[in-house]
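The values are calculated or read from the model by the stated rules, or taken from the named source; none is laboratory data. Given the structure is predicted, the values throughout are model-derived calculations rather than measurements. Every residue, glycine as well, gets a Cβ built from its backbone with ideal geometry; the counts of neighbours run over all protein chains shown.
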């Protein structure tokens, strides 16, 4: 397979993954939670507007949260993942705790202050507010929050974390479907513990330094050669520079993207 074909395959994979992150969709939530099919036109419109208001507020909350996986992390060890390729298991382990803390803080804020929901209800009649609040709003809010965290971690390149948070959103949606309250508190904690931290810090530090140097090298090649896209630059790098199995083509694209944005960590 040529690197152009591999680049296209990578793009198609990204598109599929992004479409997956959109689920459960507004329509699915509306039908399940607000019984959209039994609503009149005004109620259907209000269902959609309410969800859009909630999503906008939650996205703002998540985006404003501090995403610093290095804070309070000693990077003592990394998981004995067993991967035979240039993986990001270590980084995902350390970053996961940051996303977990955002979710916990969000839940605390939601329990202690309903401002977010009240603001999303503003503009509706009292009757419509009561109708919307009579549904399983708390679970809907949490589903949207986990979806938002999934999108954010995807944008930051933490794909494993993105998948796990999307999985939580789907599990919670399934819980509403079968009328079962899903206790998700320890789910992500267990995911972190399952990976373990068996290697020493001495193993992790060289990996970080090597990644920094690769970013500097790759972005210099991209600029010197005048490539306008990451995939073109990555294709050249895999053909003429780093031709071994590692780093993989997707990894080269991601490192280029991060370096181009000024992230040389």
(request) Look through the range 219-253, keep the residues that are in contact with a helix residue (DSSP H, G or I) (Cβ under 8 Å, 6 or more places away or on another chain) and closer than 21 Å to residue 159 by Cα, and return whichever of them is surrounded by the most Cβ atoms within 10 Å (Cβ to Cβ). (result) 234
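Any residue in the range 26-34 that is over 20 Å from residue 118 (Cα atoms), touching a residue at least 40 places away in the same chain (Cβ under 8 Å) and part of a helix (DSSP H, G or I)?
Going through the range 26-34, the residues over 20 Å from residue 118 (Cα atoms) turn out to be 27-28, 31-32.
Narrowing the set further to residues that are touching a residue at least 40 places away in the same chain (Cβ under 8 Å) leaves 28, 32.
Next, only the ones that are part of a helix (DSSP H, G or I) stay: 28, 32.
Looking for residues that are over 20 Å from residue 118 (Cα atoms), touching a residue at least 40 places away in the same chain (Cβ under 8 Å) and part of a helix (DSSP H, G or I), one finds at least one in the range 26-34, hence yes.
Applying the selection to the range 118-144, what residues are assigned to a helix (DSSP H, G or I) and more than 23 Å from the chain's Cα centre (by Cα)?
Step one: list which residues in the range 118-144 are assigned to a helix (DSSP H, G or I), which gives 118-121, 126-133, 137-144.
If the condition is that a residue be assigned to a helix (DSSP H, G or I) and more than 23 Å from the chain's Cα centre (by Cα), then 118, 119, 120, 121, 126, 127, 128, 129, 130, 131, 132, 133 are the ones that fit.
Any residue at all in the range 68-81 that is modelled with pLDDT of 70 or more and surrounded by fewer than 18 Cβ atoms within 10 Å (Cβ to Cβ)?
From the range 68-81, those modelled with pLDDT of 70 or more are 68; that's our starting set.
From the residues that got through so far, the ones that are surrounded by fewer than 18 Cβ atoms within 10 Å (Cβ to Cβ) too are 68.
Within the range 68-81, one or more residues are modelled with pLDDT of 70 or more and surrounded by fewer than 18 Cβ atoms within 10 Å (Cβ to Cβ).
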(message) For the range 12-25, which positions are surrounded by 13 or more Cβ atoms within 10 Å (Cβ to Cβ) and under 14 Å from residue 250 (Cβ atoms)?
(response) 14, 17
(request) Please state which one of 233, 194 is assigned to a helix (DSSP H, G or I) and either more than 23 Å from residue 250 (Cα to Cα) or modelled with pLDDT under 50 (or both). (result) 194
(message) What's the number of the only condition in (1) farther than 21 Å from residue 173 by Cα; (2) modelled with pLDDT of 85 or more; (3) part of a helix (DSSP H, G or I) that residue 95 fails to meet?
(response) (2)
(request) Check off (1) exposed (fewer than 13 other Cβ atoms within 10 Å of the Cβ); (2) more than 30 Å from residue 233 (Cα to Cα) for residue 57 and give me the number that stays unchecked. (result) (1)
